[in-house]
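Taking it in order: structure first as structure tokens, then the write-up.
A short reminder: the numbers here are calculations on the coordinates, not readings from a lab. As the structure is a prediction and not an experimental result, all values here were calculated from the model. Cβ atoms come from the backbone with ideal geometry, glycine included; neighbour counts cover every protein chain shown.
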Amino acid sequence: MTIFQIIFLIVGVVILGSAFMVVTTGNLIHAALWLIVTLFGVAVLYALLDAGFLAVVQVVIYIGAIAILFIFAVMLTRKEMRDRGRQTSSAWWLSTIIAVLTFGGLIRILQAWSGFSKVSVALPSEFDAVGLLGNALISPDAFVLPFEVASVLLLAALVGAVYVAFNQK
Amino acid sequence: MNFWTDPVNFIARWLMGLLTGWGLAGWLASFLIQLIGVVVLVSMMMLIDILLVWVERKVVARFQDRLGPNRVGPFGIIQPFADIIKLLIKEDITPDGADRVVYNLAPILSLMSVLLLWAIVPLAPVIFGVDLNVGALYIIATGAIGTLSIIMAAWSSNNKYALIGAFRQVAVLVSFEVPMIATMLIPTILAGSMSMTTIIRSQNVWYVFIAPLAAIIFMVTAIAELGRAPFDMNEAESEIVAGFHIEYTGMKFGLFYAGELMHAFTFGGFWAILFFGGYRFFGLENLGPIVAAVILLAKAMFGYWVIMWVRYTVMRIRIDNMLSFSWKFLTPLAFALLMSTALMNVVLRGTPGVIYVAGMLLTNIVIGWIVVEILRRASRRGRESIDKPIKRAVAQP
């Protein structure tokens, strides 16, 4: 077992454990904090895979923006901040079936996958992942269209948010 | 390779030989050496941090025409150690109804978010933790952890002032992060990389001469990010007592305080790296890595001094003014600068150095002049719109 496999196993256990805590803990803020641990674990996985850009972006966006937005939504919408709601909704049986089916399907797909025994190839030292990603995002035969569509969509969302929040007197 | 040209790798290689000589496995030995490196770097930063308490108190004393600490040791330099002993022997109080785990975790995360930043600071060409190719984004990412620690501290304290402080601080952080990212992209464009080492290496002319406005905006947003005066909404004493760390006593408060000072010093360092050539100083850095590290720390201290200078001379800004300052002034200006720098960088590429620097500087001056002109008109319009109703009221009877 290499050191990378050991780190991977530890991180995997942390991710699964904290993800379990997200859905089982009664306190909403605690759930959000556990979610941050999960997302951070995913960032560590990206870092292990030499995807430094994705790892950092994961922290910036998911922890710096989305998780903090969650916490604020909880803080500003609940009267009682230590509020403990019911853990399950009335459709819990439906979601159980969907979860089991999805997990079964994933296992079935992964059984046919041959990537488990592959060893990752070390990248050459001059491999510029960020540069390649940047070029791919703006080159016409790669991802320029989805990239631009996504930015227009985000701009529309921004304008929409301003319009909704704008208090017309 | 000897000690004077590459001290860190020299010691690392020596330790590697020693540890493998003892029969340790290679990966374990390299892991231990990395760990030792981290511990040494963090300890060094914490030692500097202790000194920063003294520096801060001496400088604020000068600004306020006082003497500052002067009883313990020569020039009061032992004072911070006395403070630490005081903080350690204080009673550790956890408020009723506090969320214990989160409450105790918050100060640790706060200091951690600052120390993490030093992983990417190149102290010298051969002394750095890691040369990340996403260095500029990494600064923002660790800032996210700092924000998180403030929210955790405020929420777990079960105190309304703490919560108000956190709400304000996050509003400030979220809005000032936007111009900060935009200005950090300017050295990135000029150097063609987000790696701190590459940014320093490509500064044959300091970027403060190529992008002076960006340097100023970065400093302003850094002060806001630090939550220091004039942007200290998170702990505005006259309004919310001490903000998010109101309930913390002893060393837990000490961690927040140390984190704040270290954060200011660190952003002074990043200001130096991004705009003042980092460890470069007229070829003096070639004398050896230790000289280069001293140069970087001296420049960081200069940045820290500027932050203190602003802190102790400018009054706190009201929060609505602060947010509109960010969204209506800094953000558009930062993006205009980003676009013009990118454009001029392409236009002037390949011209001789002097013309390139002069062209860039001229672009900045023109943009600065336009900004001042717009601001003048806006403030005149503001004055006139306030004056009108008063005149009408006087004319009515």
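Brief remarks follow.
- Table column - 3J(HN,Hα) (Hz), segment A:54-59, Karplus curve with 6.51, -1.76, 1.60, x for Gly and Pro: 5, 4, 5, 5, 4, 5
- Net charge over other residues, Cβ less than 12 angstrom from the Cβ of B:Phe231 (K, R count +1; D, E count -1): +2
- Of the peptides A:57-70, A:9-22, B:115-128, the order by per-residue mean of other Cβ atoms within 10 Å, starting with the highest, comes out as B:115-128, A:57-70, A:9-22.
- Among complete DSSP H helices in chain B, those whose alpha-carbon atoms stretch at least 20 Å along the helix's long axis and whose mean Kyte-Doolittle hydropathy reaches -0.5 are B:7-21, B:26-63, B:100-117, B:135-157, B:160-191, B:212-226, B:250-275, B:289-313, B:331-347, B:353-395.
- Whole-angstrom gap from segment B:331-389 to segment B:97-147, using each part's C-alpha centre: 33
- Percentage relative contact order, segment B:131-251, counting C-alpha pairs under 8 Å, at least six apart: 38
- Here the Debye sum runs over all C-alpha atoms of segment B:39-101 as equal scatterers in vacuum, and log10 of I(q)/I(0) at q = 0.11, 0.13, 0.18, 0.28 Å⁻¹ comes out as -0.39, -0.52, -0.79, -1.11.
- Segment A:11-123: relative contact order in percent, alpha carbon pairs under 8 Å with at least 6 residues between: 24
- A dipole drawn for the protein assembly as shown from +1 and -1 charges on Cβ atoms has a positive end, and of B:Met322, A:Thr102, B:Leu28 the residue lying farthest that way is B:Met322.
- Fewest-first ranking of A:Trp93, B:Trp309, using other Cβ atoms within 10 Å as the exposure measure: A:Trp93, B:Trp309
- Dimensions (Å) - the protein assembly as shown, Cα atoms, principal axes, largest first: 88, 71, 65
- Whole-number D in µm²/s for segment B:301-382 (Stokes-Einstein; Kirkwood sum over Cα pairs; 10 °C, 1.306 mPa s): 103
- Fraction of C-alpha pairs exceeding 24 angstrom in chain A: 60 percent, rounded to a whole number.
- The Cβ shell under 14 Å around A:Asn135 holds other residues with a net charge of -2, Lys and Arg each +1, Asp and Glu each -1.
- Normalising the average separation of contacting C-alpha pairs (under 8 angstrom, six or more residues apart) by the number of residues puts the relative contact order of chain B at 19 percent.
- Overall Cα dimensions of segment B:257-397, principal axis frame, Å, largest first: 81, 47, 19
- Mean Kyte hydropathy of 0.5 or more with a Cα span along the axis of at least 27 Å, helices from DSSP in chain A: A:3-24, A:28-48, A:92-111, A:144-165
- Among the chymotrypsin sites (Phe, Trp or Tyr not before Pro) in segment A:96-166, those placed in a DSSP loop whose Cβ has at most 10 other Cβ atoms within 10 Å are A:Trp113, A:Phe166.
- Cα-derived Rg to Rh of chain B, Kirkwood definition: 1.02
- Whole-Hz ³J(HN,Hα) from phi, Karplus 6.51 cos²θ - 1.76 cosθ + 1.60, for segment B:276-286, glycine and proline x: 10, x, x, 7, 8, 8, 6, x, 5, 5, 6
- 5 Å binning of all Cα-Cα separations within segment B:38-144, expressed as whole percents from 0 upward: 2, 9, 13, 15, 15, 15, 15, 10, 4, 0, 0
- Per-residue average of Cβ from other chains inside 10 Å of B:141-152: 5
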